[in-house]
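Here the structure is laid out as structure tokens; the discussion comes afterwards.
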Amino acid sequence: MKPGLNSWEAMWAPYDEATYAFVLSQIRPDDVVLDIGAGDLRLARRMAAVARRVVAWEMQAGTLPEDALPGNLHVVCTDARIQAVPDGVTVAVLLMRHCTHYALYIEKLRAAGCRRLITNTRWGMGVEVVDLGPGEPFAATTGGWYACRRCGAVGFAGEDAVALTAETIDRVTDVEGCPRCAASNAP
Ligand SMILES: C[S@@+](CC[C@H](N)C(=O)[O-])C[C@H]1O[C@@H](n2cnc3c(N)ncnc32)[C@H](O)[C@@H]1O
């Protein structure tokens, strides 16, 4: 296994059809997609049938098929932590529930101008679209569930659970600069 990856993160496993169907529903014909950790390319091939171009990164050569690929699917056997994000990527897909490098991937995607991420990493379940623009400053949140755009941490802010109502209990605020960000920036 590559250094710095935990064994779950390095493992190839497919996801269920509902997850793939959601991802495909978010892909637009003019998208240039970056599939981070593409496994055996089963989703990348389907995205290539919809999108303008798909770039698929997978570090385990053994999972990559050897048969012919669609002309708009470009596969790179590489470590996503060090590979440069290609120009023009409009949306990234990170289906990796055990990912421990979310903050690094966000930093690279933002620097490359990518503004949408489809992922199951933040919550470790389900799949969501994350706007990669700046989140609300964590300090400004008034309480309730939060998910950090920068580092991927999720949690519950504030202690006044009594103030929650049926309408606000399920609300999630996309923040930036959460307690985990602050801890990791600490000297
Ligand atoms: C849970 S599998 C998901 C595969 C694919 N996205 C799918 O949904 O069918 C995660 C994949 O990410 C790959 N992976 C994990 N870390 C990686 C990295 N740093 N660079 C490239 N691939 C990575 C693993 O090898 C594995 O194949």
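The values are calculated or read from the model by the stated rules, or taken from the named source; none is laboratory data. This is a predicted model, so every value here is computed, not measured. Cβ: placed from backbone, ideal geometry, glycine included. Neighbour counts: every protein chain shown.
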Region 70-97, residues that are under 13 Å from residue 37 (Cα atoms), in contact with a Gly (Cβ under 8 Å, 6 or more places away or on another chain) and part of a loop (DSSP other than H, G, I, E, B): 80, 81, 95, 96, 97
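This table checks each residue for (1) under 16 Å from residue 116 (Cβ atoms); (2) crowded, with 17+ Cβ neighbours inside 10 Å.
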{"site": "7", "(1), (2)": "no, no"}
{"site": "23", "(1), (2)": "yes, yes"}
{"site": "39", "(1), (2)": "no, yes"}
{"site": "42", "(1), (2)": "no, no"}
Please work out which one of (1) more than 22 Å from residue 147 (Cα to Cα); (2) surrounded by 17 or more Cβ atoms within 10 Å (Cβ to Cβ) is the condition residue 91 fails and give its number. (1)
Which numbered condition trips up residue 124, out of (1) loosely packed, with under 15 Cβ neighbours inside 10 Å; (2) outside the structural domain of residue 82 (by TED's automatic domain parsing); (3) within 23 Å of residue 22 (Cβ to Cβ)? (2)
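On the basis of being under 16 Å from the mean Cα position of the chain (by Cα) and more than 13 Å from the ligand (Cβ to nearest atom), does residue 151 make the cut?
Numbers: under 16 Å from the mean Cα position of the chain (by Cα): yes; more than 13 Å from the ligand (Cβ to nearest atom): yes.
Yes, satisfied.
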Could you check region 53-86 and list, in sequence order, the residues that are in contact (Cβ under 8 Å) with a residue 60 or more places away in the chain and closer than 15 Å to residue 11 by Cα? 79
Given the options 18, 13, name the one that is assigned to a helix (DSSP H, G or I) and surrounded by fewer than 13 Cβ atoms within 10 Å (Cβ to Cβ). 18
What strands (runs of 3 or more DSSP E), lying completely within region 141-181, carry at least 2 residues that are of a type in the set (Gly, Ala, Ser), assigned by TED's automatic domain parsing to the domain that holds residue 104 and touching a Phe, Trp or Tyr at 6+ places or on another chain (Cβ under 9 Å)? none
Inside region 117-140, can you point out the residues that are free of Cβ contacts under 8 Å to residues at least 40 places away in the same chain and assigned to a strand (DSSP E or B)? 117, 119, 128
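Name the residues in region 25-37 that are buried (at least 16 other Cβ atoms within 10 Å of the Cβ) and on the phi < 0 side of the Ramachandran plot, would you?
Initial filter on region 25-37 (buried (at least 16 other Cβ atoms within 10 Å of the Cβ)): 26-27, 31-37.
Listed by number, the residues that qualify are 26, 27, 31, 32, 33, 34, 35, 36.
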Which residues, counting only those in region 4-49, are more than 9 Å from the ligand (Cβ to nearest atom), among the hydrophobic types (A, V, I, L, M, F, W, C) and either farther than 25 Å from residue 82 by Cβ or not assigned by TED's automatic domain parsing to the domain that holds residue 67 (or both)? 18, 21, 22, 24, 27, 49
